[in-house]
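Let me begin by handing over the structure; questions about it come next.
The values are calculated or read from the model by the stated rules, or taken from the named source; none is laboratory data. The structure displayed is predicted, hence computed values, not measured ones. Here the Cβ positions follow ideal geometry from the backbone for every residue, glycine too, while neighbour counts run over all protein chains shown.
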Amino acid sequence: MRIKRLALFIVLLVSALAMLFPFYWSFLTSVTPGASVGKAPNWLPEALDFSAYAQLFEQLDFWRIIGNSVFIAALTTVFQISTGSLAAYAFSRLTFRFKNTIFLVYLATLMIPFQVLIVPLFIELRFLGLINTYWAVLLPTIASAFGIFLMRQAMNQIPLQLDEAARIDGAGHLRIFSSVLMPNMGPAIATFAVFSFMGSWNSFLWPLVVLRSAEMQTLPVALARLQGQYTTAWDVLMAGSVVSIIPMLIIYIFAQRYVVQGIANSGIK
Amino acid sequence: MSAKNSVSRRPRSDAWVAVAFLAPSAIPMLLFVFVPMFGALLVSASSWNLIGDFEFIGIDNYIKLLTSEKTLLVFGNSFYYVAGYLPTVFLIGLLFALALNTKVKGRFAFRAAFFLPVVTSWIAVSIVWRWLLNPSNGVVNTILESVGIDGPGWWTDPVWAMPAIIIASSWKDIGFVTIILLAGLQNINQDHIEAAMLDGANWFKRLFSVVLPMLSPSIFFVFVISMINGIQVFDQVYAMTGGGPGDSTRVVMQQIYDLSFRYGKAGEAAALSWLLFIVIMLVTAFQNYGQRKWVHYAD
């Protein structure tokens with residue numbers, strides 16, 4: 001039994017190292033002098049050379065690009081949590097006609113692949129004169145059906161007695177929503193916030209289509225453009241990848257519990 | 001007292017309150033999901049090129065697409081991707097999940113390590129794997145060379161470009177599949193497994209006759225999600241090969257992107273996106289129909 005467990009541990013260790021290796025190798029390449037001409041780094045670094053990072057920030061206005069990504073991802077998260085929790089209140093706490101039908105229509109939008117919408121959505125936003133603005137990226141993602149569903153589930157878990165007590169104290173819907181229910185939704189909001197931020201931070205196709213000029217672009221779009229310019233400057237390309245990965249890495253380390261739980265729950269009906 | 005009674009006795013309707021709470025989500029959904037959804041139908045029935053006049057041509061775009069070899073090629077490539085990607089992430093994900101569903105030391109750290117690639121962006125992953133799979137000086141070919149194998153040209157070679165994309169994509173998604181299957185495994189009632197153990201079933205027997213059937217709802221979920229995402233593959237193709245070399249990795253989404261934003265053929269692109277949507281619906285319906293034969297839901 002003990003030998004079996006040790007063997008399992010070793011297999012897992014080797015697999016984990018293999019899974020992590022691409023991260024190590026990209027970081028290593030980004031700090032290896034000479035990788036710009038396609039020279040492979042040694043397995044262990046001889047010296048840490050951060051000139052590729054300097055090049056990235058000097059030549060590409062990378063701060064602006066990181067700023068764009070942070071700004072868009074943060075606003076998207078705030079929008080989606082606000083619209084999601086407001087809608088969740090209606091579905092969880094209010095009585096009105098067609099409630100279930102409307103909820104189903106919301107859920108049905110999850111089935112529509114974004115790809116079907118992309119051409120007409122582009123035309124629509126061009127008609128509104130919003131191409132190459134932050135709004136073009138933000139508007140289509142203001143409401144997330146997935147978020148509404150998640151928040152409604154969480155709100156249904158909160159006992160109705162809490163609402164009743166507040167109502168007796170004279171609280172209206174807005175007060176009950178903001179000072180009774182929302183403070184009790186911490187874990188659900190955290191889970192959704194991570195997914196929302198991650199989705200926006202990593203999204204590529206739509207920002208690629210609507211953010212035309214270099215100074216408006218988000219990280220993934222700028223990385224793709226970088227690849228076009230610096231085809232073989234692997235140290236700069238790896239530096240760019242590392243910079244784009246680090247923020248998500250930090251969020252993941254702190255919010256691992258929420259991310260893993262959120263995904264695990266989605267698989268259990 | 002009276003306030004409480006009025007709440008519970010009278011069937012109330014909060015229609016106007018509901019309108020206020022739903023408007024912030026309903027208006028954007030209407031404008032940016034339903035309007036373009038039907039807009040796509042309209043555009044797909046036109047010869048519009050994004051700048052000229054809007055001219056109706058009925059189902060001509062669809063006929064053109066359905067009779068073109070290019071359509072067959074791009075759908076074939078998307079399905080080729082799924083055929084390589086799905087079994088890879090499923091089998092490796094299942095092995096990882098089985099290994100983590102034990103009392104092995106450090107299992108939480110291992111789980112975190114397997115999951116890490118999931119939170120990165122497809123573009124970063126693609127760039128990293130273009131370097132790992134670089135035909136000259138790429139670390140994979142260097143390792144292969146050290147054991148006497150002459151590594152292929154990967155993304156520069158029409159034959160190996162799609163496998164290169166499949167390897168990179170699988171690496172990114174294995175952790176996702178692992179978490180789903182692990183959650184499913186942890187939900188299995190241990191009594192069934194112990195009963196099988198008492199019957200003298202060995203590990204393989206238990207796996208195939210107890211564990212996998214009981215895991216089938218999670219497996220089904222993984223298949224459906226991977227299939228839907230796989231048919232729509234785009235980011236990693238765009239960043240790793242751009243559809244090349246030749247048309248060897250030209251998938252449906254790459255074609256839609258090029259048609260609309262490179263050649264300005266909005267009508268044809270919209271028609272192709274509707275075809276893609278229909279194919280996704282058909283595949284999902286087919287999977288849903290097939291699940292009755294092999295998916296067992298616990299009572």
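What are the residues in region B:165-185 that are more than 9 Å from every other protein chain (Cβ to nearest Cβ) and under 18 Å from B:Pro213 (Cα atoms), if any?
Within region B:165-185, B:Val177, B:Thr178, B:Leu185 meet the criteria.
Shifting gears a bit: Could you go through region A:199-206 and let me know if any residue there is within 14 Å of B:Val118 (Cα to Cα), in contact (Cβ under 8 Å) with a residue 60 or more places away in the chain, aromatic (Phe, Trp, Tyr) and at the interface with chain B (Cβ under 10 Å from one of its Cβ atoms).
Yes, there is a match, as at least one residue in region A:199-206 is within 14 Å of B:Val118 (Cα to Cα), in contact (Cβ under 8 Å) with a residue 60 or more places away in the chain, aromatic (Phe, Trp, Tyr) and at the interface with chain B (Cβ under 10 Å from one of its Cβ atoms).
Could you figure out which of (1) touching a residue at least 60 places away in the same chain (Cβ under 8 Å); (2) of a type outside the set (Ser, Thr, Tyr); (3) not in a loop (DSSP other than H, G, I, E, B) isn't true of B:Trp48?
If we test B:Trp48 against (1) touching a residue at least 60 places away in the same chain (Cβ under 8 Å); (2) of a type outside the set (Ser, Thr, Tyr); (3) not in a loop (DSSP other than H, G, I, E, B), just (3) comes out false.
Still on this model: Of everything in region B:91-128 that's closer than 30 Å to B:Pro217 by Cα and of a type in the set (Ser, Thr, Tyr), which residue is farthest from the other protein chains (Cβ to nearest Cβ)?
In this case the residue turns out to be B:Thr102.
Can you tell me which residue within region B:129-150, out of those that are within 18 Å of B:Trp171 (Cα to Cα) and part of a loop (DSSP other than H, G, I, E, B), is farthest from the other protein chains (Cβ to nearest Cβ)?
B:Leu133
Further, regarding this structure: Quick check on my filter: what residues within region A:71-98 are free of Cβ contacts under 8 Å to residues at least 12 places away in the same chain and surrounded by fewer than 17 Cβ atoms within 10 Å (Cβ to Cβ)?
Across region A:71-98, the qualifying residues are A:Val78, A:Ser82, A:Thr95, A:Arg97, A:Phe98.
Ok, one more. On the given criteria, is B:Leu95 under 30 Å from B:Val210 (Cβ atoms), touching a residue at least 60 places away in the same chain (Cβ under 8 Å) and surrounded by fewer than 23 Cβ atoms within 10 Å (Cβ to Cβ)?
When the stated conditions are applied, B:Leu95 does not pass them.
Here is a further query. Any idea which of (1) in a helix (DSSP H, G or I); (2) within 14 Å of another protein chain (Cβ to nearest Cβ); (3) among the aliphatic types (A, V, I, L, M) is the one B:Met162 doesn't satisfy?
For B:Met162, the failing item is (2).
State which residue pairs qualify: first residue aromatic (Phe, Trp, Tyr) and inside region B:60-83, second residue assigned to a helix (DSSP H, G or I) and loosely packed, with under 13 Cβ neighbours inside 10 Å in any location, beta carbons under 9 Å apart, and separation of 6 or more residues or different chains.
none
Within region B:270-299, which residues are free of Cβ contacts under 8 Å to residues at least 60 places away in the same chain, within 12 Å of another protein chain (Cβ to nearest Cβ) and of a type in the set (Gly, Ala, Ser)?
B:Ala285
Continuing with this model, one more query. Examine region B:154-162 for a residue that is over 24 Å from A:Ala224 (Cα atoms) and out of contact with any Asp or Glu (no Cβ under 8 Å at 6 or more places or on another chain), and state whether such a residue exists.
Scanning region B:154-162 turns up no residue that is over 24 Å from A:Ala224 (Cα atoms) and out of contact with any Asp or Glu (no Cβ under 8 Å at 6 or more places or on another chain).
A further question follows. Can you tell which of B:Asn229, B:Asn189 is modelled with pLDDT under 85 and either among the polar types (S, T, N, Q) or under 23 Å from A:Leu110 (Cα atoms) (or both)?
B:Asn189
A follow-up question, please. Counting only residues that are assigned to a helix (DSSP H, G or I), within 13 Å of chain A (Cβ to nearest Cβ) and of a type outside the set (S, T, N, Q), which one in region B:51-89 is nearest to the chain's Cα centre (by Cα)?
For region B:51-89, the residue satisfying everything is B:Val89.
Counting only residues that are without any contact (Cβ under 8 Å) to a residue 24 or more places away in the chain and surrounded by fewer than 19 Cβ atoms within 10 Å (Cβ to Cβ), which one in region A:131-159 is nearest to A:Gly199 (Cα to Cα)?
Among them, the one singled out is A:Trp135.
Could we say that B:Ser121 is of a type in the set (Ser, Thr, Tyr) and more than 23 Å from the chain's Cα centre (by Cα) here?
Judged against the criteria, B:Ser121 is not a match.
When you go through (1) more than 8 Å from chain B (Cβ to nearest Cβ); (2) modelled with pLDDT under 90; (3) in contact with a Gly (Cβ under 8 Å, 6 or more places away or on another chain) one by one for A:Phe149, which number turns out not to apply?
Unmet condition: (3).
Something else about it: Answer with yes or no whether A:Thr76 is within 8 Å of chain B (Cβ to nearest Cβ), under 28 Å from A:Asn202 (Cβ atoms) and not small (Gly, Ala, Ser).
Here the answer is no, as A:Thr76 does not meet what is asked.
Having 2 or more residues that are of a type outside the set (A, V, I, L, M, F, W, C) is the bar; report the helices (runs of 4 or more DSSP H) wholly within region A:179-242 that clear it.
A:186-202, A:219-229
Starting from residues that are under 23 Å from A:Ser69 (Cβ atoms) and modelled with pLDDT of 90 or more, keep the ones in region A:97-125 and report whichever is nearest to the other protein chains (Cβ to nearest Cβ).
Out of the qualifying residues, it is A:Leu121.
Also, quick follow-up: Could you check region B:265-299 and list, in sequence order, the residues that are surrounded by fewer than 15 Cβ atoms within 10 Å (Cβ to Cβ) and part of a loop (DSSP other than H, G, I, E, B)?
B:His296, B:Tyr297, B:Ala298, B:Asp299
Here's another thing I want to ask about it. Given the criterion over 25 Å from the mean Cα position of the chain (by Cα) and outside any helix (DSSP H, G or I), identify the matching residue among A:Arg126, A:Arg97, A:Arg175, A:Arg167.
Exactly one residue qualifies, and that residue is A:Arg97.
Restricting to region A:210-232, name every residue that is small (Gly, Ala, Ser), more than 15 Å from A:Phe57 (Cα to Cα) and crowded, with 18+ Cβ neighbours inside 10 Å.
Result: A:Ala224, single match.
Here's something else I'd like to know. Any idea which of A:Gly240, A:Gly262 is buried (at least 17 other Cβ atoms within 10 Å of the Cβ), within 30 Å of B:Leu185 (Cβ to Cβ) and among the small types (Gly, Ala, Ser)?
Of A:Gly240, A:Gly262, the one residue that is buried (at least 17 other Cβ atoms within 10 Å of the Cβ), within 30 Å of B:Leu185 (Cβ to Cβ) and among the small types (Gly, Ala, Ser) is A:Gly262.
Any idea which residue in region A:79-94 is nearest to the other protein chains (Cβ to nearest Cβ), counting only those that are more than 21 Å from the chain's Cα centre (by Cα) and of a type in the set (Phe, Trp, Tyr)?
A:Tyr89
Return the pairs, sorted by first residue and then second, in which the second residue is surrounded by 20 or more Cβ atoms within 10 Å (Cβ to Cβ) and polar (S, T, N, Q), the first residue lies in region B:19-37 and is without any contact (Cβ under 8 Å) to a residue 60 or more places away in the chain, the beta carbons are less than 6 Å apart, and the residues are 6+ apart or on different chains.
B:Pro24/A:Thr83; B:Ser25/A:Thr83
Out of curiosity, is B:Ser13 in a helix (DSSP H, G or I) and either within 11 Å of chain A (Cβ to nearest Cβ) or modelled with pLDDT of 85 or more (or both)?
In short, no.
Within region A:166-177, take every residue that is touching a residue at least 12 places away in the same chain (Cβ under 8 Å) and among the aliphatic types (A, V, I, L, M) and give me the one that is farthest from A:Val78 (Cα to Cα).
Checking each candidate, the answer is A:Ala166.
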